[in-house]
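Down below is the structure, laid out as structure tokens.
The values are calculated or read from the model by the stated rules, or taken from the named source; none is laboratory data. These figures come from a predicted structure and were not determined experimentally. As a convention, Cβ positions derive from the backbone with ideal geometry for all residues, glycine included, and neighbour counts pool all protein chains shown.
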Amino acid sequence: MKNFLIILLLFLVFKSNAYTQEDIKRTVIEENDNIAWKVDDKFIMPECFDYVWSSGDRYEAFFDEYIEKLDTSHWRDPRFQNFIVEIGKYLNKEVPLNHSIKDGWEEYPEGISLSRKLDDCMRIKPETKIRIEHKFGRSEVGYEVLETYKIDKGKDLAPYIEIKFETIKKVKITWWDGGSMGRENQSVTYGLLETNGKKILLPLINHIDS
């Protein structure tokens, strides 16, 4: 699964005891407050910007759960492509807000989700690119905020979410998984809101052709 290794390793850094500090080394290689996403007095970490994996696995699981279970290739179905691109219009309608699915993935014991709780995702400094070194090699991930939208845009991008967004931004995520293909990137428009006292980051548009 393309890009799965980098996602898994970054996940293990924060959520698992399977690796020790000696196994994984995390190095900040860029701190740029001009392109970082600031929330209150801290900045979101690069690892916390979820994007569409090349395999589409998370979105496939949610499509199967709430729209229709497909036996053929999801990517050949235009409904699935629209589900990915305009995911915000499905949140809090077909797909419950801030919901996770127990899909049997050992790497994600709490389940897979399309939303990101920011409890463990904040840093005092504006970390915009990091390197992860591990026994399998090394990988990098970084981000930059491309555009900030007016809050009212949330009514169009996520019409079924009644909670008012605190901010909406388009972000470019760039990653390198240590392979020979070089760096890849994807842009996602995210909305940030607070529910039950927790800051939540939601994908509203996945610009899969970016």
Condition check for residue 58: out of contact with any Phe, Trp or Tyr (no Cβ under 7 Å at 6 or more places or on another chain) and closer than 23 Å to residue 122 by Cβ: yes
Any hit, region 44-65, residues being among the basic types (Lys, Arg), touching a residue at least 40 places away in the same chain (Cβ under 8 Å) and part of a helix (DSSP H, G or I): yes
Residues being among the polar types (S, T, N, Q), at pLDDT 85 or above and over 16 Å from the mean Cα position of the chain (by Cα) - total across region 176-210: 2
Residue satisfying all of: in region 69-87; among the charged types (D, E, K, R) and in a helix (DSSP H, G or I); modelled with the highest pLDDT among these: 79
Among the residues listed as 49, 83, 62, the single one being buried (at least 20 other Cβ atoms within 10 Å of the Cβ), of a type outside the set (A, V, I, L, M) and farther than 22 Å from residue 185 by Cβ: 62
Residue within region 31-42 that is modelled with pLDDT of 90 or more, in a strand (DSSP E or B) and over 24 Å from residue 202 (Cβ atoms) present: yes
From 178, 197, 142, residue being in contact with a Pro (Cβ under 8 Å, 6 or more places away or on another chain) and not charged (D, E, K, R): 142
Some residue of region 121-138 being at pLDDT 95 or above and touching a Gly at 6+ places or on another chain (Cβ under 6 Å): yes
Tally, over region 144-155, of residues that are in contact with a helix residue (DSSP H, G or I) (Cβ under 9 Å, 6 or more places away or on another chain) and without any contact (Cβ under 8 Å) to a residue 40 or more places away in the chain: 0
Subset of region 143-189 [more than 26 Å from residue 99 (Cα to Cα) and among the small types (Gly, Ala, Ser)]: 178, 179, 180, 182
Unmet criterion (only one of (1) in contact (Cβ under 8 Å) with a residue 24 or more places away in the chain; (2) within 25 Å of residue 166 (Cα to Cα); (3) among the acidic types (Asp, Glu)) for residue 133: (2)
Candidates 112, 101 - the one that is surrounded by 15 or more Cβ atoms within 10 Å (Cβ to Cβ), over 13 Å from the mean Cα position of the chain (by Cα), within 26 Å of residue 195 (Cα to Cα) and at pLDDT below 90: 101
